[in-house]
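A.B. asks: Quick one: this structure, given as structure tokens, is what I'll be asking you about.
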Amino acid sequence: MATLLRSKLSNVATSVSHKSQAKMSGMFARMGFQAATDEEAVGFAHCDDLDMEHRQGLQMDILKSEGSEEGGEPPLEGDIHYQRDGTGPLPPSGSKEACSELSGQGKPKITAWEAGWNVTNAIQGMFVLGLPYAILHGGYLGLFLIIFAAVVCCYTGKILIACLYEENEDGEIVRVRDSYVDIANACCAPRFPTLGGRIVNVAQIIELVMTCILYVVVSGNLMYNSFPNLPVSQKSWSIIATAVLLPCAFLKNLKAVSKFSLLCTLAHFVINILVIAYCLSRARDWAWDKVKFYIDVKKFPISIGIIVFSYTSQIFLPSLEGNMQNPKEFHCMMNWTHIAACILKGLFALVAYLTWADETKEVITDNLPSTIRAVVNIFLVAKALLSYPLPFFAAVEVLERSLFQDGNRAFFPNCYGGDGRLKSWGLTLRCALVVFTLLMAIYVPHFALLMGLTGSLTGAGLCFLLPSLFHLKLLWRKLLWHHVFFDVAIFVIGGICSVSGFIHSLEGLIEAFRTNAED
């Protein structure tokens, strides 16, 4: 009994001391800063899963049953669960109650403008620098796809949120799900109740890891083109960038990183304005005759993936909508954010291509004059390096939760000790993930190919295919005929674009890998 009381008191003290940390770490997300750094929208992705129980000091205190076997008192109810202030078991992971507890009672909600800020940062990040390259291979059809992708992603974001709600016995529309994973699991139930969630998690891990690889690639590319006279290759710059990023393996939370989010995002918008201003200064030399209606059949599918990837935001929309003060404003927020993104992306891609025409490079800032290129690229590299921890930490969280912390279904033993500290082999796995992103960046240092592959594989799946499929599966009895038509059309068109872009991007990557291996 004395052991039990000591354990309880220790658990209460640990939980109380770390509860304030959990609130502080979630504050930036509520204010709109958490997702500001990551263009692929890590913030709000798992109802504050970036501050999971282990990061909040909520340790699992499991009292062995030897006492009951020896005639002692049996463990109290809830002792085999995560304890929060010693009051009882934590609600099941993924439930609405769990989300609300993790965020704290009476958590501040975000306004529609703050939600729009998060979506804007997700779909208007630094990866728009690859859009002029998409116009190079697609011409006016590439511009049409920028508009088309905005319309489709806005629509699929809305229907994905619709899948969170159902009608109760009183005829009221109530929220019964909280995440993309919950929707996927509901679609596969009852035969395969966890299959859908695993598919979504795999897609998310691939996208997050590929995002990390892209940050390393773009860092090496920008530094190499900024200082071409230095005897340092692009691979060497990538290695230097990874050495700077290696401390990410030791991250316990993202509070320190999130403080730089707003500054980095504002700097990126300033850089976009500088690029557009330079292009406008050369408006007399614009090559309108270079913008054609024909497409490069071999490279245009890659451009589709680039465009789709730049609009990826669906994975975090359910949690974002759940954190809004007035969820009814979600549709309006989606409309104006995607209209603004469509206009800005189209103008940026067009004026940049008109300025450099056939000389347009994969990262458009590499086309700038050497006098300003170095300054602009250094700012972009700083933003890329500060953005890297968000997708990296989210990927680690998903992997740890799926493979090491999923209760009795975990594939491997827990990578955390009884005191909540990361074990040595757990740290080794994190370091291995950083090194893996480096190896991919070294052997396939092609920004457009990697971006196209990711957009064709996970971007199209998460933004086009799965939302339309889930909408049809869960709400087909209540859908009007035009909704059914739109969902089927999006699924078919998205599938064709995804397969075509994936095949061409994979062929390009294999060829690039062979070339680099020979060198």
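The values are calculated or read from the model by the stated rules, or taken from the named source; none is laboratory data. Model, not experiment: these values are computed from the prediction. Every residue, glycine as well, gets a Cβ built from its backbone with ideal geometry; the counts of neighbours run over all protein chains shown. Accessible surface areas use protein heavy atoms only, side chains included; no ligands, DNA or RNA. Shrake-Rupley method; radii C 1.70, N 1.55, O 1.52, S 1.80 Å.
Condition check ((1) part of a helix (DSSP H, G or I); (2) open to solvent by less than 10 Å² (accessible area, probe 1.4 Å)) across all residues:
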| residue | (1), (2) |
| --- | --- |
| Cys154 | yes, no |
| Gly157 | yes, yes |
| Asp170 | no, no |
| Cys187 | yes, no |
| Asn201 | yes, no |
| Val209 | yes, no |
| Cys212 | yes, yes |
| Gly220 | yes, yes |
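A.B. asks: Among the candidates Glu359, Glu329, single out the residue that is within 28 Å of Trp117 (Cβ to Cβ) and of a type in the set (Asp, Glu).
C.D. replies: Unique residue meeting the criteria: Glu329.
A.B. asks: Which of the residues spanning region 238-252 are of a type outside the set (Ser, Thr, Tyr), open to solvent by less than 40 Å² (accessible area, probe 1.4 Å) and closer than 19 Å to Phe379 by Cα? Steps first, please.
C.D. replies: Taking region 238-252 first, the residues of a type outside the set (Ser, Thr, Tyr) are 239-241, 243-252.
Then drop every residue that is not open to solvent by less than 40 Å² (accessible area, probe 1.4 Å), which leaves 241, 245, 248-249, 251.
Residues satisfying the conditions are Ala241, Leu245.
A.B. asks: Something else: Scanning for something at pLDDT 90 or above and surrounded by fewer than 17 Cβ atoms within 10 Å (Cβ to Cβ), does region 445-461 turn up at least one residue?
C.D. replies: no
A.B. asks: Looking at region 416-424, is at least one residue basic (Lys, Arg), crowded, with 21+ Cβ neighbours inside 10 Å and at pLDDT below 90? Walk me through how you get there before you give the answer.
C.D. replies: The initial filter retains those residues of region 416-424 that are basic (Lys, Arg), namely 421, 423.
Then keep just the ones that are crowded, with 21+ Cβ neighbours inside 10 Å; that gives none.
Scanning region 416-424, I find no residue that is basic (Lys, Arg), crowded, with 21+ Cβ neighbours inside 10 Å and at pLDDT below 90, so the answer is no.
A.B. asks: Filtering region 287-310 down to residues that are over 12 Å from Leu453 (Cα atoms) and β-branched (Val, Ile, Thr), which residue is most open to solvent (accessible area, probe 1.4 Å)?
C.D. replies: Val297
A.B. asks: Can you tell me which residue within region 190-199, out of those that are touching a helix residue (DSSP H, G or I) at 6+ places or on another chain (Cβ under 8 Å) and either open to solvent by 20 Å² or more (accessible area, probe 1.4 Å) or not small (Gly, Ala, Ser) (or both), is farthest from Val308 (Cα to Cα)? Reasoning before the result, please.
C.D. replies: Step one: list which residues in region 190-199 are touching a helix residue (DSSP H, G or I) at 6+ places or on another chain (Cβ under 8 Å), which gives 193-199.
Pick out the ones that are also either open to solvent by 20 Å² or more (accessible area, probe 1.4 Å) or not small (Gly, Ala, Ser) (or both) and you get 193-195, 198-199.
Details: Pro193: 29, Thr194: 27, Leu195: 25, Arg198: 23, Ile199: 20 Å.
Restricting to residues being touching a helix residue (DSSP H, G or I) at 6+ places or on another chain (Cβ under 8 Å) and either open to solvent by 20 Å² or more (accessible area, probe 1.4 Å) or not small (Gly, Ala, Ser) (or both), the top hit is Pro193.
Listed here are the residues, each with its yes/no results for (1) hydrophobic (A, V, I, L, M, F, W, C); (2) modelled with pLDDT of 90 or more.
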residue	(1), (2)
Ala122	yes, no
Ile161	yes, yes
Gly171	no, no
Val174	yes, yes
Asp178	no, no
Asp182	no, yes
Pro193	no, no
